Amino acid sequence: MDRSTRPGDDFSKYANGKWDQETAIPPDRAAWGIGAILDEQARERTRMLLDGARSQSTAGSDQRKAADYYAAYMNEAAVEARGLATLQPMLDRMAAIADRGALARELGSMLRADVDPLNATEFHTDRLFGLWTAQDLNEPSRNTAYLLQGGLAMPDREYYLADNPKMAETRTRYRAHVVKVLGLAGIADADRKAQRIVDLETRIASVHARREDSADVHTAQAWTREDFDRKAPGLDWAGYFGAAGLERQRAFVVWHPAATTGEAALVGSQPIATWKDYLAYITIDHWSRLLPRAFAEERFDFFGRTLAGTPQMPERWKRAVDSTNAAVGDVVGKLYVAKYFSAAAKARAQAMVADIKTAFARRIDALDWMSPQTKARATEKVQSLIVGVGYPDAWRGYAGLEISGDDALGNAMRAEEFEYQYRLRELRQPIDRNEWWITPQTVNALNLPIQNALNFPAAILQPPYFDPAAPDAHNYGAIGAIIGHEISHSFDDQGSQFDAAGKLTNWWTPADFEHFKSASARLVAQYNAYKPLPDLAVNGQQTLSENIADLAGLAAAYDAFRISLKGGTAPAFDGFTGDQQFFIGFAQSWRDKYREPILRQILLTDGHAPSPYRADTVRNLDPWYAAFDVRSGDRLYLARPDRVRIW
């Protein structure tokens, strides 16, 4: 803490200033804070589990597959010896494309299930489109296929289109990166081809929806298979969907209709030769982490150093752990929770979840602006919320996935295809509201509006977020606010549009929804005023969902903390009252620092505001003012009428 800072002037600095001043961001990180520290801990634990998994498993078992996947990634000599051999058949097929029918089939064969528009921090895939399979927005009794915009290697359309010197410099360096990748692959005329590739990506970016528009679920449209031919001409959709294994799928939700139309038109209008160059580059660049070191280093040089500001590539074992988690995450997760997440920890976390759900329901009941009709629907949604704590009830199996002990790239490609086929099978299966979308060893949490469900992985349920040795006040302020945050996502600007069954429907009276929108607009304005960089501010609309969840989650966690005292007083700790401990615990859970390039990327693409501004959520809660004697004239002070209250 920096106790020389007045809490009402800069609460994040007051709670975290000394740490921020004395802590250096590690050279292999773009940002550093509690989440990153726990992520490193989870990586190290996973490494030890994988190192021991081979000797403790039988040939062909899922555990052996995880061990072999990790070992193959670590076998850098084998990776160097293979070179581009594993990719060569795909590159040869792309080089042989002679007409737009073959182009459509190649693009379709590359479709993968890698994007969730309701939870991804950025809507981004480098394939032409992205696929998500989940419960239908309008028919919650069935699963459906969601198609999303894609085709960009850089994180967002603004990297291609924004008219400012920083982005212009980034584009120059990106073009040099494309030249380097093509040259490393031995592709002739790399400079001219790189320019054509960047020009094509720029055209794709020009038809993409903006990040804040992507968050509006009402832009999504239900299309039949026949609608694609009529609404998005230029792409041979029969060939595309046939190659993607979706020839039997008759109903889709198109998340970005204008982008889908625009990208299809580009497939029909841009030269086939340009598309062939683009496909070769995208394929090599996508898999470069698993190619010889020169490719991996070049990818890191641009995406790590230039875009994120990270000076040093993470050690190979860290990259191997991340790749193994992505490929066979449930196998690793099962090992992880057996060793690192006790039944007692799960029970205590579940009890806190129950307390905060109760507090949230009470807050709904106490709202003076909400009609009884809307309150009843909101209460129903809270009560039917499915909360997964620690790990899923049922573990995924990986029967049929071939893993070799010396073919890192082949393993990753087969794992990606295995995951894609798993998601395609979901289209023909009943919905599963208990499905997890995050592994237990991930330091994060998720709200799933369509399932009306939450996932709290084991790796986030540990100190300092959740510390059995800490006072309850701290835990309610830290992990309690995170739990409240995820519950609140069911009632943010997106989640509030889904009912208890996960159906996209308006369950509000007109007057109630107008009040909600008005309060939300005030929160947008509050965050628009924060300017972390001289030329770039927080986008209040882009971050609205997360800001609502921060505000409502903190309020619910505070109520739950007070309820837990049963009318008593929290014991003082280190000279702080219970309320002070609660709010300090909240602010310290957002203890982060960033390198400038990643901060810029967050501001452009992320649905979350930078952490110091999330800590400032406290300025909207009356008890914070009393706890720290915050007065008019303090920088964060808001007069009572200006404090945003939603839930």
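Before moving on, here are some points about what is shown:
- Exclusive hit being crowded, with 18+ Cβ neighbours inside 10 Å and out of contact with any Leu (no Cβ under 7 Å at 6 or more places or on another chain), set D322, D277: D277
- Residue among Q601, Q588, Q526, Q542 that alone is crowded, with 21+ Cβ neighbours inside 10 Å, out of contact with any strand residue (DSSP E or B) (no Cβ under 6 Å at 6 or more places or on another chain), touching a residue at least 24 places away in the same chain (Cβ under 8 Å) and over 30 Å from T358 (Cα atoms): Q601
- One residue from A555, A570 being crowded, with 20+ Cβ neighbours inside 10 Å, of a type in the set (A, V, I, L, M) and either touching a Ser or Thr at 6+ places or on another chain (Cβ under 6 Å) or assigned to a helix (DSSP H, G or I) (or both): A555
- Entry remark, the stretch 181-195: residues being assigned to a helix (DSSP H, G or I), in contact (Cβ under 8 Å) with a residue 40 or more places away in the chain and either surrounded by fewer than 20 Cβ atoms within 10 Å (Cβ to Cβ) or in contact with a strand residue (DSSP E or B) (Cβ under 8 Å, 6 or more places away or on another chain) (or both) number 1 in total.
- Sole exception among (1) at negative phi; (2) touching a Phe, Trp or Tyr at 6+ places or on another chain (Cβ under 7 Å) for G390, by number: (1)
- Residue satisfying all of: in the stretch 443-458; of a type in the set (A, V, I, L, M) and either under 12 Å from Y391 (Cα atoms) or outside the structural domain of R396 (by TED's automatic domain parsing) (or both); surrounded by the most Cβ atoms within 10 Å (Cβ to Cβ) among these: A458
- Subset of the stretch 366-376 (residues that are surrounded by fewer than 16 Cβ atoms within 10 Å (Cβ to Cβ), at pLDDT 90 or above and not polar (S, T, N, Q)): A366, P372, A376
- Failed condition for T170, given (1) among the hydroxyl-bearing types (S, T, Y); (2) crowded, with 18+ Cβ neighbours inside 10 Å; (3) closer than 24 Å to G234 by Cα: (3)
- Residue selected from the stretch 500-512 under the condition touching a residue at least 12 places away in the same chain (Cβ under 8 Å) and in a helix (DSSP H, G or I), by the criterion nearest to H485 (Cα to Cα): D512
- Applying a threshold of 7 Å to beta carbon distances and a minimum spacing of six or more residues, or different chains, the list of pairs starting in the stretch 214-225 at a residue that is over 11 Å from Q494 (Cβ atoms) and ending at one that is among the charged types (D, E, K, R) reads T219/D213; W223/K231; T224/R250; R225/R250.
- When the stretch 250-302 is limited to residues that are among the hydroxyl-bearing types (S, T, Y) and within 25 Å of F228 (Cβ to Cβ), the one that is farthest from the chain's Cα centre (by Cα) turns out to be S269.
- Filtered by the rule that a residue be of a type in the set (A, V, I, L, M) and surrounded by fewer than 19 Cβ atoms within 10 Å (Cβ to Cβ), the stretch 280-295 gives a lone residue, A294.
- Test: residue in the stretch 259-272 that is crowded, with 22+ Cβ neighbours inside 10 Å, touching a strand residue (DSSP E or B) at 6+ places or on another chain (Cβ under 8 Å), of a type outside the set (A, V, I, L, M) and closer than 30 Å to L84 by Cβ: yes
- Among the residues of the stretch 113-126, just one is surrounded by fewer than 22 Cβ atoms within 10 Å (Cβ to Cβ), under 16 Å from H286 (Cβ atoms) and either aliphatic (A, V, I, L, M) or at pLDDT 95 or above (or both), namely A113.
- Each residue in the stretch 299-309 was checked for being touching a residue at least 12 places away in the same chain (Cβ under 8 Å) and buried (at least 19 other Cβ atoms within 10 Å of the Cβ), and 7 pass.
- Taking the listed residues D301, D236, the one that is of a type in the set (D, E, K, R), at pLDDT 95 or above, touching a Lys or Arg at 6+ places or on another chain (Cβ under 9 Å) and not assigned by TED's automatic domain parsing to the domain that holds A220 is D301, with no other qualifying.
- Exclusive hit being modelled with pLDDT under 95 and either under 26 Å from E315 (Cα atoms) or crowded, with 22+ Cβ neighbours inside 10 Å (or both), set G83, G52: G52
- W624 meets the conditions (1) crowded, with 20+ Cβ neighbours inside 10 Å; (2) over 32 Å from the mean Cα position of the chain (by Cα) in every case but one. The failed one is (2).
- G304 being in a helix (DSSP H, G or I) and more than 22 Å from M413 (Cβ to Cβ): yes
- In the stretch 515-524, the condition of being farther than 19 Å from T543 by Cα, part of a helix (DSSP H, G or I), of a type in the set (V, I, T) and at pLDDT 90 or above is met by no residue.
- Residue selected from the stretch 459-489 under the condition in contact with a strand residue (DSSP E or B) (Cβ under 6 Å, 6 or more places away or on another chain) and within 30 Å of A521 (Cα to Cα), by the criterion modelled with the highest pLDDT: E486
- Across the stretch 201-246, the number of residues qualifying as part of a helix (DSSP H, G or I) and buried (at least 19 other Cβ atoms within 10 Å of the Cβ) comes to 13.
- Test: residue in the stretch 142-162 that is in contact with a Lys or Arg (Cβ under 6 Å, 6 or more places away or on another chain), assigned by TED's automatic domain parsing to the domain that holds A238 and of a type outside the set (D, E): yes
- Lone unmet requirement of (1) surrounded by fewer than 24 Cβ atoms within 10 Å (Cβ to Cβ); (2) touching a strand residue (DSSP E or B) at 6+ places or on another chain (Cβ under 7 Å) for P440: (1)
- Looking only at the stretch 1-41, and only at residues there that are part of a loop (DSSP other than H, G, I, E, B), of a type in the set (G, A, S) and more than 22 Å from the chain's Cα centre (by Cα), the one that is surrounded by the most Cβ atoms within 10 Å (Cβ to Cβ): G8
For every residue, the table says whether it meets (1) closer than 30 Å to L551 by Cα; (2) among the hydroxyl-bearing types (S, T, Y).
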| site | (1), (2) |
| --- | --- |
| E298 | no, no |
| T324 | no, yes |
| G333 | no, no |
| Q350 | yes, no |
| F360 | yes, no |
| D368 | yes, no |
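The values are calculated or read from the model by the stated rules, or taken from the named source; none is laboratory data. Note that the coordinates shown come from a computational prediction; the quantities given were computed from them, not determined experimentally. Glycine gets a Cβ as well: all are built from the backbone with ideal geometry, and neighbour counts include every protein chain shown.
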